Amino acid sequence: MMEIGRYGDAVLKIPESAYFSFFNSPYIGHRTGTAVDVYYENKVLYPLEEGRVLEIRRVNPPRYIPVDEDYLMVIKYESACLKILHVKPEVSVGDKVSLGDALGEQILSGFFRPWSDRHAHFELRNCDDAYRARGAYPLLPRILKRVPLLIGNTLKIVERKEHYVWAEPVRCGSLGMTPLGEVGAWVEGGLPHYGYGAIYGRATANIFGHEIRGNLMYPGVYIFSSPPKFLVDGHPIRGIGVYSNQKKIKILDTNFSEDEEVQITIAGIQN
């Protein structure tokens, strides 16, 4: 298991095969640095030391995709509570759980956009205020160096999905938190569709030939406003998705073929 973030003595740990994002989401908990989404290969695993399931409830999400139901779990951990969304539970109220125990299956949710993949949403909160979108405790990301850094702007399409494609860097450099940025400054986010992203490491980073600058959120974590337009081979796209511990970059367009090489550029900003 690898540590991905913490609040005080509460340390979130996930399998090394999972990828995650603190800032690739439109929701307020991510914009304020208090939530993380984890994309598991299979079942969702409890990410903390021993806890106890306090509550499980069905919730009615908005319908950005046509799904009417989601689940919310609250698990007591020491003096805090872990709020979990988008997981169909395989545990019951009162159950004790330990690090790595299976909690349930990742599900599609009406909270998701069409290009969203199944994942678990985690927040640490005051147990007397366990349900709101705002008010969770700050989660300090741990900066990992596990995926190859893209050199240049050429990617190869490796997988087609219904609403997007996955692409991998053609030329790679040293390992980092994400595949985008430069040595010592790695970028995560949904750009430009969510309007913002994060730089891990330092306040500035170069992406696709443009320098971006962020404002300090946590030590080593800087938040920036996204450039307004991304292009693939000169054609505008909705955006790209960049995740931590994920070597692939998501391109929100489907007009590409597997094994095709494409070039990403940015328009609408000046250095």
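The values are calculated or read from the model by the stated rules, or taken from the named source; none is laboratory data. Computed from a predicted structure; not experimentally measured. Here the Cβ is made from the backbone with ideal geometry for all residues, glycine too, and neighbour counts use every protein chain on show.
Points to keep in mind about this one:
- Any hit, the range 2-14, residues being surrounded by 15 or more Cβ atoms within 10 Å (Cβ to Cβ), closer than 22 Å to Arg132 by Cα, touching a His at 6+ places or on another chain (Cβ under 9 Å) and in contact (Cβ under 8 Å) with a residue 40 or more places away in the chain: no
- Residue within the range 102-119 that is under 22 Å from Tyr218 (Cα atoms) and surrounded by fewer than 16 Cβ atoms within 10 Å (Cβ to Cβ) present: no
- Residue list for the range 208-220, filter: surrounded by fewer than 20 Cβ atoms within 10 Å (Cβ to Cβ), of a type outside the set (Asp, Glu) and either touching a strand residue (DSSP E or B) at 6+ places or on another chain (Cβ under 6 Å) or not in a loop (DSSP other than H, G, I, E, B) (or both): Phe208, His210, Arg213, Asn215, Leu216, Met217, Tyr218
- Identity of the residue in the range 138-178, hydroxyl-bearing (Ser, Thr, Tyr) and within 22 Å of His210 (Cβ to Cβ), that ends up surrounded by the most Cβ atoms within 10 Å (Cβ to Cβ): Thr178
- One residue from Arg113, Arg132 being out of contact with any strand residue (DSSP E or B) (no Cβ under 7 Å at 6 or more places or on another chain) and either over 20 Å from Tyr40 (Cβ atoms) or of a type in the set (S, T, N, Q) (or both): Arg132
- Flag if Gly201 is buried (at least 19 other Cβ atoms within 10 Å of the Cβ) and on the phi > 0 side of the Ramachandran plot: yes
- Residue match in the range 235-248 (condition: assigned to a loop (DSSP other than H, G, I, E, B), surrounded by fewer than 21 Cβ atoms within 10 Å (Cβ to Cβ) and of a type in the set (Gly, Ala, Ser)): no
- Here Asn126 passes the criteria (1) assigned by TED's automatic domain parsing to the domain that holds Thr32; (2) of a type in the set (S, T, N, Q); (3) over 25 Å from Tyr77 (Cβ atoms) except the one numbered (3).
Let's see how each residue does on (1) of a type in the set (Lys, Arg); (2) closer than 21 Å to Glu3 by Cα:
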| position | (1), (2) |
| --- | --- |
| Ile75 | no, yes |
| Lys96 | yes, no |
| His119 | no, yes |
| Cys127 | no, no |
| Ala130 | no, no |
| Tyr137 | no, yes |
| Leu140 | no, yes |
| Lys145 | yes, yes |
| Pro148 | no, yes |
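- Test: Tyr194 is buried (at least 19 other Cβ atoms within 10 Å of the Cβ), within 24 Å of Phe224 (Cβ to Cβ) and touching a residue at least 12 places away in the same chain (Cβ under 8 Å): yes
- Considering the range 63-99, the residues that are in contact with a Lys or Arg (Cβ under 8 Å, 6 or more places away or on another chain) and more than 18 Å from Tyr131 (Cα to Cα) include one that is surrounded by the fewest Cβ atoms within 10 Å (Cβ to Cβ), namely Gly94.
- Residue satisfying all of: in the range 23-55; part of a loop (DSSP other than H, G, I, E, B) and over 18 Å from Val87 (Cα atoms); farthest from the chain's Cα centre (by Cα) among these: Glu50
- Filter result for Asp233 (of a type in the set (D, E, K, R) and under 16 Å from Ile266 (Cα atoms)): yes
- Subset tally (residues that are part of a loop (DSSP other than H, G, I, E, B) and polar (S, T, N, Q)) for the range 175-207: 1
- Qualifying positions in the range 120-145 - of a type in the set (A, V, I, L, M, F, W, C), closer than 14 Å to Ile84 by Cα and in a loop (DSSP other than H, G, I, E, B): Ala130, Ala133, Ala136
- Test: residue in the range 18-25 that is surrounded by fewer than 20 Cβ atoms within 10 Å (Cβ to Cβ) and not aromatic (Phe, Trp, Tyr): no
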